[in-house]
Amino acid sequence: MKTPTFDYEQQYWSQGIQYIAGIDEAGMGALAGPVVAAAVIFSKDSFEEFVAAVEKTPVRDSKLLSPKQREKAVELIKQHAQAWAIGSASVDEIDSINIRAASHLAMQRAIAALSTVPDILMIDGTPAQISKIIPTINIIKGDQLSYSIAAASILAKVTRDTTMIELDIQFPQYGFASHKGYGAKIHMDALVTHGATEHHRKSYAPIARLTQ
């Protein structure tokens, strides 16, 4: 199992680039709920304390951690990060501008909410120009390679999962707490039986077919 490092961050720190924000999102492939992004900045002066701490509490690609591990990781990240922030885009925004643009909007909101202005952005995934001002580096499987991006992936997922669990209280028949809005069989069966809610993405084909 691949463990992230601070190799990318150290490369930029050695060049005098101080504030490096790791960016990632959660929820692009879901049929319901918002898309959520997070931005995390670690300090070059204290990152080694974080590295020591993750020996007991793993921080890696959020999909590789259990819910309990993610919750513990969130506490660790918030304790050691120099700055962190969350941004999201609503279902209405997803349906209006498409999911890719909405995910970029969520990232932009997370970046804008940071208490420290980044000098550079490291974003998980394929090329995307999120900022016209701040240089952007795209790293394929970045959440498996960079601690900053891995931390952002965890914050984004835990935040979004919490939102979907809250929606489950309002709409228990859909099972949002278990599948978090993705296309699990229990979700698809509930859509056939009960129809879509205002929290479902009408622009997504499985939902669009139900609402035609």
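Can we say Ile86 is within 17 Å of the chain's Cα centre (by Cα) and assigned to a strand (DSSP E or B)?
Answer is yes for this residue.
Please name all residue pairs, on different chains or six or more residues apart, with Cβ atoms under 9 Å, provided the first residue is in segment 124-142 and is basic (Lys, Arg) and the second residue is surrounded by 18 or more Cβ atoms within 10 Å (Cβ to Cβ).
Between residues of segment 124-142 that are basic (Lys, Arg) and residues that are surrounded by 18 or more Cβ atoms within 10 Å (Cβ to Cβ), the close pairs are Lys141/Asp61; Lys141/Asp124.
Condition first: among the acidic types (Asp, Glu) and assigned to a helix (DSSP H, G or I). Can you find one or more residues in segment 135-148 that meet it?
Yes, some residue in segment 135-148 is among the acidic types (Asp, Glu) and assigned to a helix (DSSP H, G or I).
Consider Thr163 carefully, then state whether it is over 20 Å from Ala89 (Cα atoms), out of contact with any Leu (no Cβ under 8 Å at 6 or more places or on another chain), modelled with pLDDT of 95 or more and surrounded by 16 or more Cβ atoms within 10 Å (Cβ to Cβ).
Judged against the criteria, Thr163 is not a match.
Any idea how many residues of segment 105-121 are surrounded by fewer than 17 Cβ atoms within 10 Å (Cβ to Cβ) and outside any loop (DSSP other than H, G, I, E, B)?
The total comes to 2.
Which condition breaks for Glu25 when tested against (1) over 19 Å from Ala113 (Cα atoms); (2) within 14 Å of the chain's Cα centre (by Cα); (3) not in a loop (DSSP other than H, G, I, E, B)?
With respect to (1) over 19 Å from Ala113 (Cα atoms); (2) within 14 Å of the chain's Cα centre (by Cα); (3) not in a loop (DSSP other than H, G, I, E, B), Glu25 is out only on (1).
Can you tell me how many residues within segment 143-190 are over 29 Å from Asp7 (Cα atoms) and among the aliphatic types (A, V, I, L, M)?
Looking only at that region, the number is 9.
Name the residue that is surrounded by the fewest Cβ atoms within 10 Å (Cβ to Cβ), counting only residues in segment 177-212 that are touching a strand residue (DSSP E or B) at 6+ places or on another chain (Cβ under 7 Å) and not in a loop (DSSP other than H, G, I, E, B).
Ile207
Across segment 92-104, what is the total count of residues that are crowded, with 17+ Cβ neighbours inside 10 Å and in contact with a Ser or Thr (Cβ under 9 Å, 6 or more places away or on another chain)?
Summing the residues that are crowded, with 17+ Cβ neighbours inside 10 Å and in contact with a Ser or Thr (Cβ under 9 Å, 6 or more places away or on another chain) in segment 92-104 gives 4.
Condition (residue is closer than 19 Å to Val35 by Cβ, exposed (fewer than 15 other Cβ atoms within 10 Å of the Cβ) and modelled with pLDDT under 95) applied to segment 132-143: is it met by at least one residue?
Looking for residues that are closer than 19 Å to Val35 by Cβ, exposed (fewer than 15 other Cβ atoms within 10 Å of the Cβ) and modelled with pLDDT under 95, one finds none in segment 132-143, hence no.
So which residues in segment 57-83 are touching a strand residue (DSSP E or B) at 6+ places or on another chain (Cβ under 8 Å) and either part of a helix (DSSP H, G or I) or over 19 Å from Gly22 (Cα atoms) (or both)?
Answer for segment 57-83, where residues must be touching a strand residue (DSSP E or B) at 6+ places or on another chain (Cβ under 8 Å) and either part of a helix (DSSP H, G or I) or over 19 Å from Gly22 (Cα atoms) (or both): Ser62, Ile77, Lys78.
Show the residue pairs meeting these rules: Cβ distance below 9 Å; 6+ apart or different chains; first residue within segment 56-83 and closer than 14 Å to Ser43 by Cα; second residue acidic (Asp, Glu) and outside any loop (DSSP other than H, G, I, E, B).
His80/Glu49
The values are calculated or read from the model by the stated rules, or taken from the named source; none is laboratory data. Remember, predicted model here, so these are calculated numbers, not experimental data. Counting neighbours? That spans all protein chains shown, and the Cβs are built from the backbone with ideal geometry, glycine included.
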